[in-house]
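The values are calculated or read from the model by the stated rules, or taken from the named source; none is laboratory data. No experiment lies behind these values; they were computed from the predicted model shown. Every residue, glycine as well, gets a Cβ built from its backbone with ideal geometry; the counts of neighbours run over all protein chains shown.
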Amino acid sequence: MVPTLETARLLLRPIRLEDASRVQLLFDDIEVTRYLDAVVPWPYPADGAQTFVESVTEANKTGNRFVWAITERGNDELIGVIEVSIGDRDNRGFWLAPPFHRRGYITEAVAVVNDFYFDELKQDSMRLGNAEPNRGSSRIKEKSGATLVEVKPGNYVGGTFPSEVWSLTAEQWRANRAQFLGLENV
């Protein structure tokens, strides 16, 4: 049910059981998990990734949650995860291994996932959240045209931080998509 999505440099493929060992390795790094919701246990248990991957591969079958492994084209190794869901919780979330930060990979992944959410799933709006100190995540939301609607207390792996709640409508996304991808002058 989860389609493979492609960008210029990335392949987003459904997460699979073979990804568990890579997730386990990456989740041992607090830089990866610091701003994840505190439902993620820390220190990360030895079977944490296996449990996570098993649960999301099952969730991927529901048609309400879509979880992708972020990989570089030509290299099937997971470097991050992005997901989108239909329902009451935050609709989109992501994380990326630190060696791949500042390359525009999340921008590419977010764009293709937003397109899927609004165009293929025919959703009108998405709710987004992040820890306030996670400025990179906030910037992605700002660039996409999202509106900050609330700041409330939040619990994350790295501690208690203010939590930003954002709203992004299909109309806002479509109006900002070209600028988000740096295509407005192309």
Checklist entry - Across the stretch 55-75, which residue is nearest to the chain's Cα centre (by Cα) among those that are over 12 Å from Pro14 (Cβ atoms) and assigned to a loop (DSSP other than H, G, I, E, B)? => result Asn64
Next on the checklist: Just to verify a result, which residue in the stretch 15-32, among those that are acidic (Asp, Glu) and in contact (Cβ under 8 Å) with a residue 12 or more places away in the chain, is farthest from Val157 (Cα to Cα)?
Outcome noted: Asp19
Item to check | Given (1) charged (D, E, K, R); (2) outside any helix (DSSP H, G or I); (3) surrounded by 15 or more Cβ atoms within 10 Å (Cβ to Cβ); (4) at pLDDT 95 or above, number of the condition Asp90 does not satisfy | outcome: (4)
Next on the checklist: Checking the conditions here, which among Tyr44, Tyr35 is touching a Phe, Trp or Tyr at 6+ places or on another chain (Cβ under 9 Å), over 25 Å from Ser144 (Cβ atoms), touching a residue at least 12 places away in the same chain (Cβ under 8 Å) and in a loop (DSSP other than H, G, I, E, B)?
Outcome noted: Tyr44
